[in-house]
Structure formats: C-alpha cells, structure tokens
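Quick note: the coordinates plus some simple rules give every number you see, no bench work behind them. Here the structure is a predicted model, which means the values were calculated and not measured. We place every Cβ from the backbone using ideal geometry, glycine too, and count neighbours over all the protein chains shown.
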2 protein chains.
Amino acid sequence: MKISDKRNDVMQAALELIADQGFHGAPMAEIAEKAGVATGTIYRYFENKEVLIRELHRELEEKISATLREGYPVERPLRERFLYLIRELLRYFITNPLHFRYMEQYFNSPYGISMHRDRLLGKSGNHDILMDIFELGIQQQVLKELPKAVLFPLAFGPLIILMRDHILGFVILDDPLIKQITEACWDTIKR
Amino acid sequence: MKISDKRNDVMQAALELIADQGFHGAPMAEIAEKAGVATGTIYRYFENKEVLIRELHRELEEKISATLREGYPVERPLRERFLYLIRELLRYFITNPLHFRYMEQYFNSPYGISMHRDRLLGKSGNHDILMDIFELGIQQQVLKELPKAVLFPLAFGPLIILMRDHILGFVILDDPLIKQITEACWDTIKR
DNA sequence: CATTAATGAGTGAACGTTCATTCTTATGTG
DNA sequence: CACATAAGAATGAACGTTCACTCATTAATG
C-alpha cells in the first residue's frame, strides 16, 4: 500500500459524502469510515477539514481544466471554440456528476467566495481561454458589446441549472439536446 | 406591542443572519439576540428551526410573486411579457439583496430540493405565467422547440450568477445594462 | 529495535431544544 | 377603584447531542 493510498481513499470518500450531503452532512468520522481508515488518520494527510475541502476543490478544478484544454480547437473560428467549451463542460459534468455537485457545494459556501474573485480576474486556468474568446469576439464585432463580467453569466448561467436538473432527473441531456443548448448559449452573447 | 411584533423581529433577524452567513452561521441564540428576544421565545412562534426557515421562504416567495404579478402586461405580446418578468425579477432582487441571498441559501440546501420539484411541475405562483409564455411561444413558433424544462434554465440561469456578481460588486446592474441583459435572455430562447 | 503510521476513545466547544421560573397583562370581585 | 387571581408570554440556564480535533497507545515497516 503506497503512502498516498489512504490519502486518496479519504479524498474519494469526502468527495462522495460532501457531493450528496453537503459539508455538514459529511462529518470527519463518517468520511473516515467510508474511506476505511480511522478518524485520526485523516489528520495525517490534511491539517484540518478546511484544508481537505480546499484540496479537493483544487484537484477537481485541475481535472476539469485539463479536460477542457485537451482537444481545444485553438485554430478554429470563435464560435466553434466557444461551442466546444460549453459542450465539453456539460459532458464532463454529465460523466462526473459528483464533481458537479461538489463544485456547487463549494461555490455556495464561505470557501467559494474568494475563488469567485479569482475567476473574474481571470486567474483560473481555462478562464483565460474564455476571456480571450470574449475579448476577440467583441473586437471583431461578433459578440454583443457587453462587459466580460456580463458575457460570462449570460453564457454559462444556464449550464448550472441544467446540470442540476439533469442530475435530479428532470431533464435528460443527450447529445442532440446538448447541441441545441450550446447553440442557444451562443445566441445569448452573439451580436 | 402587538402579538406579532416579536414574531416579525425574529423573522427579520433570521433573514439577515441566514442571508449573509448561511443556515449554519445563524444559531438560534444569535437570531434571538439580534431580534432582541430570549432564545426560548423563538419557540413560541416557530416549532423549530426548520419551520422558521420554511416560513421565511414561503413569505419571500409570496412577496416576489406578488411583485411580478402586479404590473404584468397580460395583453401585450409574448416578448414584452417575458422581458417584463426578467426585468422585474432583477429589479426586485437588486432592491432586496437579502431576499436573493436567502433564496439562494434555501435553494442550495436540503430544504430546496422539494421546492424544486414543485417549480418544474408548475405548482408555484408565477411559474404558471412563465409556462404559459413558453407554451404559447412554442405553439406560435416564436420560441425554439425545446422542452420547457430546458427553456427555463436557458432564460433564467444567467440571472442567478448576475445577481450574485452584482451583490458582490463585480458588476453594477443599472437600467441600460438590465435592458441589454433581458434582451439577451430572450435571444437565448427565441427561434 | 527504532521509526513511522494508524488507531479510536476522549475532549471541549457549539448547537438546537426544553422547561422551571419570572414577568406582564387580563379578568374577576367587593 | 383597589386588590386578588388567573392566564399567557418571555426568559435563560441546563440538557443532550454532534462534531472537529487530540493524543496515548498499538501496529507495521525496514
């Protein structure tokens, strides 16, 4: 058993518990039990609960960012690049609903607020890509002349509710529907 | 002092605390202190914390619903009715940021999930209005031919992030901007 | 055998809720 | 009107529970 095995087990257990019970539905004791370790063991790997939570967030963001960059069509027209981002983000979360639920919990908590500031300042990984699209789009008069801080909510706001509804089973996001949705998102911001 | 004075004080205190600290940042003792009553007094008016929380939600929803219905232009074209709804909702929340924060907390909690089901089934007050718009719009081929459960997120999803950013001071939603935003929301769903 | 890892009972703080008691207001009586 | 009595409202200390975190002890490792 490698040194990081238990660390991973703890993170996985925390992810699952927090994703579907929230931070307060995930006591350290329960995380430990689910991970098959003792409570105290968690504190070998994470200074405290907050560190565990932030670390988990960091790791998920990393994964998502990597996925979006993977096949990103840098050379294609703006619209295509934009559609790609939205489509792949939706697909990622459909494949990894726990990740979505976790990010949602995180975002909607005291932890999330500082991150939020970063996002708008374009610090985070794949938001540079997005901000480039917005900037170029406005320059080339392809997009509406709106602040980037408005374009982002317009384009990505729907995805949050859609994902939630998908996970709850109110909608089923299959490929044809995803195609229509991504195009609708484009319509929101295109001139 | 009327019988309902303390009840109101408690609700107001709970609203303020919960809106900016979340449910877990609002212990009954603190709510009581802020309301200027003893802890035990709360339990004269509310069976327990959950009842208080739900009651608060009910009351806010009532107010919002009333506001949206107030000047609703029933006789005007679809587009105009739709723009009205979005614009007034934004305005309401800009005027009452605590209400927005509270509803967000509520929505993003175990309590919120049952409500969510109601919303999609069209039980809640002003959603009948909205569903009518969607239904008519599809019939008249004004709107995209998408499930109502998709039209709703597309049209209203942006508002949540926009409101959050507005409250955090990242955007300032003034009237010209609101006009552009509501029209962008319409562009998302119009054919 | 020395060092590191893992354990889980224990600790104290925080929380929602209760309830014996006190204070306030309303009602009855002469 | 003065006073006694009853009813209702308000109080806050106390209770039981939950939780994050600690630490003395045990197990594993090389």
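Taking A:Leu162, A:Leu136, A:Leu89 as the candidate residues, the one with maximal mean-square fluctuation in a Gaussian network model of chain A, Cα springs under 10 Å, is A:Leu136.
The string of couplings for the stretch A:49-63 from the Karplus curve (6.51, -1.76, 1.60, θ = phi - 60°) is 5, 4, 4, 4, 4, 5, 4, 4, 4, 4, 5, 5, 4, 4, 4 Hz, one whole number per residue in order, with x for Gly and Pro. Running a GNM on chain A with Cα contacts under 10 Å, which residue among A:Glu70, A:Glu88, A:Glu30 ends up with the highest mean-square fluctuation? Checking each option, the largest mean-square fluctuation is seen for A:Glu70. Inter-copy label distances for B:Arg91: 4.4 nm (label point placed 7 Å from Cα along Cα→Cβ; shortest first). Each 10 Å bin from 0 upward holds the following percent of the Cα-Cα pairs of the protein assembly as shown: 4, 21, 30, 26, 14, 4, 0, 0.
Provide the per-residue ³J(HN,Hα) series for the stretch B:78-94, in order, calculated from phi with Karplus coefficients 6.51, -1.76, 1.60 and θ = phi - 60°, each as a whole number of Hz, with x at glycine and proline positions. Along the stretch B:78-94, the couplings run 3, 4, 5, 4, 5, 4, 4, 4, 5, 4, 6, 5, 4, 4, 4, 6, 5 Hz. Taking every DSSP helix (H) stretch of at least 4 residues in chain A, weighting each as -39,500 (n - 2.57) and dividing the sum by the residue count yields a mean residue ellipticity at 222 nm of -24500 deg cm²/dmol.
With semi-axes defined as the square roots of five times the eigenvalues of the C-alpha gyration tensor, the equivalent ellipsoid of the stretch B:1-46 measures 18, 10, 8 Å, largest first. Mind putting a number on the dipole of the stretch B:60-189 about its Cα centre? Charges go on the C-beta only, +1 for Lys and Arg and -1 for Asp and Glu, and I need it in Debye to the nearest 20. Computed charge dipole of the stretch B:60-189: roughly 180 debye.
Around the amide H of B:Leu143, modelled in the peptide plane, lie the amide H atoms of B:Ile138, B:Arg191, all under 5 Å away and 5 or more residues distant in sequence or on another chain.
Structure note, pairs B:Lys6/B:Lys148; A:Lys148/B:Lys190; B:Lys49/B:Lys179; B:Lys6/B:Lys63; B:Lys63/B:Lys148; B:Lys63/B:Lys190: Cα-Cα distances above 31 angstrom occur for B:Lys6/B:Lys148; B:Lys49/B:Lys179. Overall dimensions of the stretch A:1-105, expressed as equivalent-ellipsoid semi-axes from the Cα gyration tensor (√(5λ), whole Å, largest first), are 33, 14, 10. Evaluated on the stretch A:60-189, the Kirkwood hydrodynamic radius is 15.3 Å, with distances taken between all distinct Cα atoms.
Mean-square fluctuation check for chain A, GNM, Cα pairs under 10 Å: which of A:Pro27, A:Pro97, A:Pro176 is largest? Of A:Pro27, A:Pro97, A:Pro176, the Gaussian network model singles out A:Pro176 as fluctuating most. The residue among B:Ile138, B:Pro27, B:Val51 whose Cα reaches farthest toward the positive pole of the charge dipole of the protein assembly as shown, with charges on the beta-carbon of Lys, Arg, Asp and Glu, is B:Ile138.
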